[in-house]
Amino acid sequence: MPSTRWFVIRNSQRLGPYRFHVLQLLAERNKLQPDDLICTEGMTDWKRANGLQGLFPSPGRVEPILAPCAGQTPLPPANINSAPAIIRSAVASVANRSKYVLQHWRGDLSLPLSCWINLVLIGGVWIGAIAAAVTTDFFQSLGGLGRGCWVLAILVCTIGLALWPFVGVWRSTEQYVSRGRSPGWARAAKVIVVLGMLPLAASALQQVRALQQSFRLVFSGDSMPASELR
């Protein structure tokens, strides 16, 4: 597709922008209707969704709605019998190439999935895993160097795992509204993100001393007296 920013008009309401593979998924799930109007950069007017080649199976010839680039040959009309298979193949190909982590980061996943699974559930599992790890005999047997490396790894991973769900949920709220869904849930999810970022920032400031001590353990040797890590 020449563009990754597609807009939809339904009931006089403008929705979008969407990426093309999102339009394909919406069409496959009957969320995008054939008589919805769509438009993107390079088009001079709005067109019916079933006029876009490769998006809907058409009972007749499908004319290309965008002029081909200079020096390129226009795409042939889609075969009527193979149109559903083409759509399924395109969706499967996009799903294989688009990793789950990247989809969440871009906000392409649904808001409930981004919020409750990626933010709440994965975050809770991560916190529980850390709490369980520090009580094991293996962790208690680590020396200063081992504990310093462990703390550095945990802090770095925690920051990354915190930013990933927060950014994904925030972006998903914007697409949630553009798809015509209730803005109330989107605002509630943004409140969750803000309330989650505040203690994260405060905790990060509290961990500055722990970072300093961990760097000292890793790069300066175990010169500290016996201590207990909490």
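Scanning the stretch 128-143 for residues that are over 18 Å from Thr158 (Cβ atoms) and among the aliphatic types (A, V, I, L, M) yields a single hit, Leu142. Checking Ala70, Ala83 one by one, the residue that is of a type in the set (A, V, I, L, M), modelled with pLDDT under 80, loosely packed, with under 11 Cβ neighbours inside 10 Å and farther than 30 Å from Trp170 by Cβ is Ala70 and no other. The criterion of being surrounded by 14 or more Cβ atoms within 10 Å (Cβ to Cβ) and within 18 Å of the chain's Cα centre (by Cα) does not hold for Ser214. Within the stretch 15-30, the set of residues being surrounded by fewer than 17 Cβ atoms within 10 Å (Cβ to Cβ) and free of Cβ contacts under 8 Å to residues at least 24 places away in the same chain comprises Arg29, Asn30.
Counting the residues of the stretch 108-118 that are open to solvent by less than 40 Å² (accessible area, probe 1.4 Å) and either over 21 Å from Leu200 (Cα atoms) or at pLDDT below 85 (or both) gives 3. Annotation: of all residues in the stretch 32-48 being touching a residue at least 24 places away in the same chain (Cβ under 8 Å) and open to solvent by 30 Å² or more (accessible area, probe 1.4 Å), the one that is nearest to Gly107 (Cα to Cα) is Glu41.
For Trp170, the conditions (1) open to solvent by less than 40 Å² (accessible area, probe 1.4 Å); (2) touching a Lys or Arg at 6+ places or on another chain (Cβ under 9 Å); (3) closer than 30 Å to Asn30 by Cβ all hold with the exception of (1).
Identify the residue in the stretch 134-149 that is open to solvent by 60 Å² or more (accessible area, probe 1.4 Å) and in a helix (DSSP H, G or I) and, among all such residues, is farthest from Gln212 (Cα to Cα). Talk me through it step by step, then tell me what you get.
Step one: list which residues in the stretch 134-149 are open to solvent by 60 Å² or more (accessible area, probe 1.4 Å), which gives 135, 137-138, 140-141, 145, 149.
Subset that is in a helix (DSSP H, G or I): 137-138, 140, 145, 149.
Working: Asp137: 25, Phe138: 23, Gln140: 21, Leu145: 13, Cys149: 12 Å.
My answer is Asp137.
Give the residue, chosen from Ala131, Ala188, that is in a helix (DSSP H, G or I), out of contact with any Leu (no Cβ under 8 Å at 6 or more places or on another chain), open to solvent by 50 Å² or more (accessible area, probe 1.4 Å) and free of Cβ contacts under 8 Å to residues at least 12 places away in the same chain.
On the way: Ala188 fails: open to solvent by 50 Å² or more (accessible area, probe 1.4 Å).
Ala131 is the lone residue from the list that is in a helix (DSSP H, G or I), out of contact with any Leu (no Cβ under 8 Å at 6 or more places or on another chain), open to solvent by 50 Å² or more (accessible area, probe 1.4 Å) and free of Cβ contacts under 8 Å to residues at least 12 places away in the same chain.
The values are calculated or read from the model by the stated rules, or taken from the named source; none is laboratory data. Computed from a predicted structure; not experimentally measured. Every residue, glycine as well, gets a Cβ built from its backbone with ideal geometry; the counts of neighbours run over all protein chains shown. With ligands, DNA and RNA removed, areas are computed over all heavy atoms of the protein, side chains included. Shrake-Rupley method; radii C 1.70, N 1.55, O 1.52, S 1.80 Å.
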